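J.: Below is one structure. I have some questions about it.
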Amino acid sequence: MHDYLGEGPEQACPDGTEEDRIQHVVSKYNYLLEKVRKVASVPKRYFIFGNGDLGPLDWELYRKGYFGWRFSKHDVENLCDSINKAFPEGENHFIFVASNRNIIRDLDCCHIFVTEDSHGFPDLEPEWDVIFSNLPEHACSRADIAARNITYLSKLQAQVA
């Protein structure tokens with residue numbers, strides 16, 4: 001029911017019985033499951049994820065129940081391994097987006113991009129254009145990804161200093 005933030009199943013299907021509401025939820029998630037299954041047929045896939053605390057959360061966001069989560073290096077590696085197992089055919093590219101406050105420096109399973117702090121999910125920030133325009137075009141070895149991330153982060157640190 002995540003499309004209905006702040007609403008319960010009654011608002012999502014107001015004229016239905018409890019059984020109608022359950023069927024509504026089942027059909028919605030069957031639809032989403034089918035979309036995920038279709039991802040397997042795509043030859044090149046990009047998975048973009050990051051820590052939830054890309055920017056400072058103000059008190060209003062906390063009051064609404066939004067929370068931040070934080071991936072560890074182990075979490076990111078497990079996520080990438082799980083996706084690779086789920087979609088073994090084709091190319092899987094992983095992009096980890098972080099703010100300068102929550103960088104995982106020694107990642108070699110995914111490309112790192114750093115955004116400036118922003119409130120909430122920065123989907124309208126111009127930095128996302130930079131990330132999308134720099135997506136990897138072909139599969140890289142873990143050593144190549146690690147070298148790229150080290151260079152990227154050192155350039156970033158030099159700009160901040």
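J.: Return the total of residues in region 5-34 being at pLDDT below 75 and open to solvent by 60 Å² or more (accessible area, probe 1.4 Å).
T.: Of the residues in region 5-34, 7 are at pLDDT below 75 and open to solvent by 60 Å² or more (accessible area, probe 1.4 Å).
J.: Follow-up question, since we're still on this one. Pairs under 6 Å by beta carbon, first residue closer than 25 Å to Glu89 by Cβ in region 127-145, partner open to solvent by 70 Å² or more (accessible area, probe 1.4 Å), six or more apart or different chains?
T.: Leu135/Tyr46
J.: Same structure, new question: Could you figure out which of (1) modelled with pLDDT of 85 or more; (2) assigned to a helix (DSSP H, G or I); (3) exposed (fewer than 12 other Cβ atoms within 10 Å of the Cβ) isn't true of Val130?
T.: Of everything listed in (1) modelled with pLDDT of 85 or more; (2) assigned to a helix (DSSP H, G or I); (3) exposed (fewer than 12 other Cβ atoms within 10 Å of the Cβ), Val130 misses just condition (1).
J.: Of all residues in region 88-110, how many are open to solvent by less than 30 Å² (accessible area, probe 1.4 Å), in a loop (DSSP other than H, G, I, E, B) and in contact with a helix residue (DSSP H, G or I) (Cβ under 7 Å, 6 or more places away or on another chain)?
T.: Selection size over region 88-110: 4.
The values are calculated or read from the model by the stated rules, or taken from the named source; none is laboratory data. The model shown is predicted, which means the values in this text are computed figures rather than measured ones. All Cβ positions, even for glycine, are placed from backbone atoms using ideal geometry, and neighbour counts span all protein chains on display. In case anyone asks, the SASA skips ligands and DNA or RNA and just uses the protein heavy atoms, side chains included. Shrake-Rupley method; radii C 1.70, N 1.55, O 1.52, S 1.80 Å.
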